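A.B. asks: First, the structure itself, so that you have it in front of you.
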Protein chains: 2
Amino acid sequence: MRLTRAGEYGIRCVQHLARHGKGALVSRKEIAVRTDVPPHFLAKIAQQLARAGIIEIQQGANGGYRLLRDPSEITLLAVIEAIIGGISLNDCVGRPESCHNSPLCTVHRVWNKANRQLRATLQEADFATLAKEDSCCLTPCPETAGHNGSIEKK
Amino acid sequence: MRLTRAGEYGIRCVQHLARHGKGALVSRKEIAVRTDVPPHFLAKIAQQLARAGIIEIQQGANGGYRLLRDPSEITLLAVIEAIIGGISLNDCVGRPESCHNSPLCTVHRVWNKANRQLRATLQEADFATLAKEDSCCLTPCPETAGHNGSIEKK
DNA sequence: CGATATAAGACTAAAAATATCTCATATATC
DNA sequence: GATATATGAGATATTTTTAGTCTTATATCG
Ligand code: SF4
Ligand code: SF4
């Protein structure tokens, strides 16, 4: 009944990328350091995000990751499900056939309802909105600065 | 992000007991067979339910388990949390100190909200209501019969 | 080409879930 | 009270999942 570490890391990764905006290239190393995720682990997670069409991976020297969509178009739900697969609070939610009683089971219906609610809540949260208030970035991020009270640029 | 087997089994156990009503003694073996739970595993789960004050265990010959409260007073949430501990969708929900960023983190707030909703939904579901419509019992249960279309008793 | 950075998947280690076993304890019945 | 029966409680074993690392291959820059 908890998010896996990979899922949490995936969110941090997208959140960090979102601070740089759509299309900006950020190296794996920078993301790993800033979000406190083991670099090799991040690589695996990034692959899943890429397969889901959320980020693009650029190989080679000076490579890195970039967001393919605008932060406002990316929801928490999309990121989580890209990494841990479909959310289902109980086995019988995702695979009703796993319990032959599911067609009759009233508990099953409660789980279905709870699952729908959970997904809805996670879908409401997009990364543009999340970034507005503050961020999940674990250490201050110079590139994105300017939110330290005074606007210095220009 | 899923209910453990133990949690699911605990729910089945309470649901079966609920069909017999508050205070009725049902043997561990019967519950195990009817709900398709390994008997020894059920024993461990029952201990947790007993510690939580949901059931009472009677030892000795012709022993078994009985509900301490009325089914209408027992919620899904209570049973689940008795067995798998407090529900928390992400580590930082249950233990905010596990991530030093939680006071600032907007994602954290989404998790908190989702967690509250989930708990609320599970708390709304009590076993009296759940039993009204149909049941989770995996095999027909003679003692509780009478819902097979015709009323035969008397 | 050579240096750098990621790809992709194999591999390992650790943790958690699931189930079982053993010995102890309580109760009914004789 | 003795015996049979049924559960208590914790230890143990097995399996599955999670978390993290490592190795070899590939892409890009200069
Ligand atoms: S008994 Fe009901 S809640 Fe439990 S697994 Fe089967 S369908 Fe789902
Ligand atoms: S970064 Fe935010 S969501 Fe992630 S663990 Fe920390 S507080 Fe929770």
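Any read-out appearing in this document is the output of simple, stated calculations on the displayed coordinates, not a laboratory observation. None of these values were measured; they are calculated from a predicted model. Ideal geometry is used to build each Cβ from the backbone, glycine not excepted, and the neighbour counts take in all protein chains shown.
A.B. asks: How large is Rg/Rh for chain B, to two decimals, with Cα atoms and a Kirkwood Rh?
C.D. replies: Taking Rg over the Kirkwood Rh, I get 1.07.
A.B. asks: Could you give the size of the charge dipole of the range A:5-133 about its Cα centre, using +1 on the Cβ of each K and R and -1 on the Cβ of each D and E, expressed in debye and rounded to the nearest 20?
C.D. replies: Using only the charged Cβ atoms, the result is roughly 120 debye.
A.B. asks: If you don't mind, another one. Are any of the pairs B:Lys22/B:Lys132; B:Lys29/B:Lys132; A:Lys22/A:Lys44 more than 18 Å apart by Cα-Cα distance, and if so, which?
C.D. replies: B:Lys29/B:Lys132; A:Lys22/A:Lys44
A.B. asks: Determine, for A:Leu118, A:Leu25, the number of other Cβ atoms within 10 Å of each Cβ, and report the residues in order from fewest to most.
C.D. replies: Arranged by neighbour count, lowest to highest, A:Leu118, A:Leu25 become A:Leu25, A:Leu118.
A.B. asks: Which whole-number percent gives the relative contact order of the range A:28-95, counting Cα pairs below 8 Å spaced six or more residues apart?
C.D. replies: Contact order relative to length: 22 percent.
A.B. asks: Can I ask one more? Listing A:Thr106, A:Thr121 from the residue with the fewest other Cβ atoms within 10 Å to the one with the most, what is the order?
C.D. replies: Fewest-to-most ranking of A:Thr106, A:Thr121: A:Thr106, A:Thr121.
A.B. asks: For B:Arg95, go 7 angstrom from Cα along the Cα-to-Cβ vector, then report the distances to that same point in the other copies in nm, smallest first.
C.D. replies: Output for B:Arg95: 3.1 nm, nearest copy listed first.
A.B. asks: Inter-copy label distances at A:Leu25, 7 Å along the Cα→beta-carbon direction, one decimal in nm, shortest first?
C.D. replies: Inter-copy label distances (nm, one decimal, shortest first): 7.7.
A.B. asks: To one decimal in nm, how far is B:Arg51 from the same spot in the other copies, if labels go 7 Å from Cα toward Cβ? Please give the shortest first.
C.D. replies: 3.9
A.B. asks: Another question, then. Rg and Dmax of the protein assembly as shown over Cα atoms: what are they, in angstrom?
C.D. replies: 24.1, 90
A.B. asks: Then there is this: Over the range B:5-133, what is the mean sequence separation of C-alpha contacts under 8 Å (at least six apart), divided by residue count, expressed as relative contact order in percent?
C.D. replies: Contact order relative to length: 28 percent.
A.B. asks: Another question, then. Angle check, please: helix B:5-20 long axis (alpha carbons) against the longest principal axis of chain B (alpha carbons), in degrees 0 to 90, nearest 10.
C.D. replies: The helix B:5-20 is inclined about 40 degrees to chain B.
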